[in-house]
Structure formats: C-alpha cells, structure tokens
Amino acid sequence: GDSVTQMEGPVTLSEEAFLTINCTYTATGYPSLFWYVQYPGEGLQLLLKATKADDKGSNKGFEATYRKETTSFHLEKGSVQVSDSAVYFCALTHSGSARQLTFGSGTQLTVLP
Amino acid sequence: GAVVSQHPSRVICKSGTSVKIECRSLDFQATTMFWYRQFPKQSLMLMATSNEGSKATYEQGVEKDKFLINHASLTLSTLTVTSAHPEDSSFYICSARDLRGAEQFFGPGTRLTVL
C-alpha cells in the first residue's frame, strides 16, 4: 500500500535559517503530493501541492519539487520566521473515486526569535 | 476559498454519553467527506469516508457502531461517538472534497475529552 515517510522532528531553528523537511513516498503510479501545515489547536491547511513529476509547488516562501526518480517531495524555505512554527505533514493521493490522503507522521517545527 | 466548519470546537462529556460532531462545507457542495482522528503529536488516522446519501466506508479497526457517521446532505456530515469512554478522547478532524474532486478542505477540528 501507499506510505509516506517524513523526517522525524522536532526541528528547532533560529529565525532566518534555511529549512528542509525531508519526505519520501512509496506508491504505485503517479500520485499527487501535498504539504499541509497545522498550527496549534487548528485543523490542516494546504500549503502547496504538485500533481506530476518535476512540478514545483510553492507558497508563502515554501517550495517542494516532485522528484519521481527519488520518490521525494522535500519541503524547503530559505528564511524561516517565528510564525512558521507549526506541524508540517507530507501527504499523497491517487486519482480515482476515493482520493483518500495518506499522511506522513508530521514534523514539528519551532522557530526561535 | 472553500471553508469547512466543525462544531463544537471543544466538548467535554461524561463516560457513557454520546457526542455528536458536525462538519459543514460552507461555500461549496461536498459529495465526499472524510473523518480523521489525531492523537497528540501524531499524524492523522483516517476513520471513515462518508458519501452523501449512502453508508460510510470505515477503515479497518474502526467500530462503525461506535462511530456513527451520517452524510444527509451535500453540505453536512455528522460523527456521533456513542457511549464514549476516556480512550475516545482525541482530536477529530473532518475534511470535505468538492464536486470536482480536486482537493480536500479541512475543518478546524474538535477536541473531545471524555471524563
């Protein structure tokens, strides 16, 4: 079955540091890939997505590139802010009637001023 | 953008009682809604997939008689936790998929505490 493996946290960075959160997946075919962010006490918000190989998703300074050859979708940001502190989830889904999301375990990011 | 609401946001109940959680798509129609459960510092676990006008599909290990799901309209799904016990305490999150099926939109979650 499908699975998503994320870099274990927690990750603690200073403001303006470079961020990478690794995500690799196992799936048949060509899934769509997502990064979701969860702020404390809230539900999930879609951060960015990519639907085919070599696509780059980007939003709010975050980027991730769909790498079919390495089955990866690593999240990066050049300069993090305190407000980026949250839990980040990598996820995938297949096209089809169900389109259920398979989530990684989540990575807690804390950015210190 | 698409908005999904959940009500209540927090609920505390006594052991043995039942609790109903509502999930509404506010500005779009959702043929499919998903219910997730999240334990502290853990990922989301899919409990069931709810399709409007039909029975929900439960994931393996989820008791359908304990977690009753109703999806009576294109904008509302409810999850009822029956005879709640302390081990049911968790953060329950719903999501809704629009008619195009392109994306899931998540509700803010409901924190259930069973005493």
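If the condition is being touching a residue at least 40 places away in the same chain (Cβ under 8 Å), surrounded by fewer than 18 Cβ atoms within 10 Å (Cβ to Cβ) and part of a strand (DSSP E or B), then segment A:19-60 contributes A:Thr20, A:Thr24, A:Thr26.
Only one of the numbered conditions (1) touching a residue at least 24 places away in the same chain (Cβ under 8 Å); (2) under 22 Å from A:Leu47 (Cα atoms); (3) touching an Asp or Glu at 6+ places or on another chain (Cβ under 8 Å) is not met by B:Val4, and that is (3). Can you name the residue in segment B:31-45 that is facing chain A (nearest Cβ under 8 Å) and open to solvent by 50 Å² or more (accessible area, probe 1.4 Å) and is also farthest from A:Cys90 (Cα to Cα) among such residues? The qualifying residue farthest from A:Cys90 (Cα to Cα) is B:Lys41. The listed residues are B:Ser83, B:Ser90, and the only one of them that is hydroxyl-bearing (Ser, Thr, Tyr) and away from chain A (no Cβ under 14 Å) turns out to be B:Ser83.
Here is the figure for segment A:71-113: residues that are at positive phi and facing chain B (nearest Cβ under 8 Å) total 2.
The values are calculated or read from the model by the stated rules, or taken from the named source; none is laboratory data. Bear in mind that the values here come from a model prediction, so they are computed numbers and not experimental data. Ideal geometry is used to build each Cβ from the backbone, glycine not excepted, and the neighbour counts take in all protein chains shown. Surface accessibility is based on the protein's heavy atoms, side chains included, excluding ligands, DNA and RNA. Shrake-Rupley method; radii C 1.70, N 1.55, O 1.52, S 1.80 Å.
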